[in-house]
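The values are calculated or read from the model by the stated rules, or taken from the named source; none is laboratory data. Everything numeric here is computed off the predicted structure, so don't read it as measured data. Cβ: placed from backbone, ideal geometry, glycine included. Neighbour counts: every protein chain shown. For accessibility, only protein heavy atoms count, side chains too; no ligands or nucleic acids. Shrake-Rupley method; radii C 1.70, N 1.55, O 1.52, S 1.80 Å.
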Amino acid sequence: MRVLPVGDDALLVEVSSGEEARALHTELLRRRAEGTLSVREIVPAARTVLLDGLTDPARLATELTTSEVPPAPPRARETVELPVRYDGPDLADVAAHWGVSREEVARIHAGTEFSVAFCGFAPGFGYLTGLPQRYDVPRRATPRTSVPAGAVALAGPYTGVYPRSSPGGWQLIGSTDTVLWDHTRVPAALLSPGTRVRFVPVGSS
């Protein structure tokens, strides 16, 4: 574990894996809930956790580097199902990269149970893990200037769904009509760290 100061009242904690980041995030949330940690924001990422709004960051930095973080408990069993049409413009490229047919890409992707490792990039965007490493794909050499809302995409080890239209360099394999971010909904984001996700094929791939 490596703890770095960020400004006057924040810390960035670096760990060696996504699972360690999840365990640390869970433990920090627990401490805040029980009142033993005073912090405004706790933000997990791939292998880091950012703590912002600390009253005594130096003391916490020392404590974190000398204490043991318990493993995260098993994830909740509730699963969000996202209907998806496997009709993305990069589906053929992904199939070629995997060495399978377009239909097999859809079967493999829909047959995987994903979980949200962390959120970022845009409100409502979750970085989903679950595909084996052999299915990692590179980002596009030239990003698109506009990716439509609902695009289901792959990049590296992650799957994501664009919550709104934006530029992007991920490989687009499908689309969904599910609203990922709605400011009138509580919570506004459909996906949050730890959420289990399955993609359910609809229509023809």
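Restricting the range 59-74 to residues that are without any contact (Cβ under 8 Å) to a residue 12 or more places away in the chain and assigned to a loop (DSSP other than H, G, I, E, B), which is nearest to the chain's Cα centre (by Cα)? Full working, then the answer.
First pass over the range 59-74, keeping only residues without any contact (Cβ under 8 Å) to a residue 12 or more places away in the chain: 59, 62-63, 66-68, 74.
In the following step, the residues that additionally are assigned to a loop (DSSP other than H, G, I, E, B) were identified as 67-68, 74.
Details: SER67: 27, GLU68: 25, PRO74: 17 Å.
By that ranking, first place goes to PRO74.
Take GLU14 and tell me if it is on the phi < 0 side of the Ramachandran plot, at pLDDT 90 or above and within 22 Å of the chain's Cα centre (by Cα). So GLU14 passes the test. Of the residues making up the range 62-76, at least one is more than 26 Å from PHE199 (Cα to Cα) and buried (at least 16 other Cβ atoms within 10 Å of the Cβ).
The residue list PRO138, PRO132 contains one member that is out of contact with any Lys or Arg (no Cβ under 8 Å at 6 or more places or on another chain) and either over 21 Å from ALA21 (Cβ atoms) or of a type in the set (A, V, I, L, M, F, W, C) (or both), which is PRO138.
Only strands (runs of 3 or more DSSP E) whose full extent lies in the range 6-58 are considered here, and the ones with at least 2 residues that are farther than 16 Å from GLY120 by Cα are 10-14. Scanning for something under 27 Å from VAL200 (Cβ atoms) and among the hydrophobic types (A, V, I, L, M, F, W, C), does the range 1-12 turn up at least one residue? No, the range 1-12 contains no residue that is under 27 Å from VAL200 (Cβ atoms) and among the hydrophobic types (A, V, I, L, M, F, W, C). The residues of the range 122-149 that are modelled with pLDDT under 95, surrounded by fewer than 17 Cβ atoms within 10 Å (Cβ to Cβ) and closer than 17 Å to THR178 by Cβ, listed by number, are ALA122, PRO123. The lone criterion from (1) more than 25 Å from ARG47 (Cβ to Cβ); (2) in contact (Cβ under 8 Å) with a residue 40 or more places away in the chain left unmet by SER101 is number (2). Count of the range 190-200 residues, restricted to those that are in a strand (DSSP E or B), surrounded by fewer than 17 Cβ atoms within 10 Å (Cβ to Cβ) and not hydrophobic (A, V, I, L, M, F, W, C), is 1.
Looking at the structure I just gave you, is GLU104 farther than 19 Å from ALA21 by Cβ, touching a Lys or Arg at 6+ places or on another chain (Cβ under 8 Å) and either open to solvent by 20 Å² or more (accessible area, probe 1.4 Å) or outside any loop (DSSP other than H, G, I, E, B) (or both)?
Details: farther than 19 Å from ALA21 by Cβ: yes; touching a Lys or Arg at 6+ places or on another chain (Cβ under 8 Å): no; either open to solvent by 20 Å² or more (accessible area, probe 1.4 Å) or outside any loop (DSSP other than H, G, I, E, B) (or both): yes.
It is false that GLU104 is farther than 19 Å from ALA21 by Cβ, touching a Lys or Arg at 6+ places or on another chain (Cβ under 8 Å) and either open to solvent by 20 Å² or more (accessible area, probe 1.4 Å) or outside any loop (DSSP other than H, G, I, E, B) (or both).
Applying the condition of being open to solvent by 70 Å² or more (accessible area, probe 1.4 Å) and within 23 Å of the chain's Cα centre (by Cα) to the range 34-58 and asking which residue is modelled with the lowest pLDDT yields ARG47. Pairs meeting the criteria (first residue in the range 150-179 and closer than 17 Å to GLU113 by Cα and open to solvent by 20 Å² or more (accessible area, probe 1.4 Å), second residue hydrophobic (A, V, I, L, M, F, W, C) and not in a strand (DSSP E or B), beta carbons under 6 Å, at least 6 apart or on different chains) are lacking.
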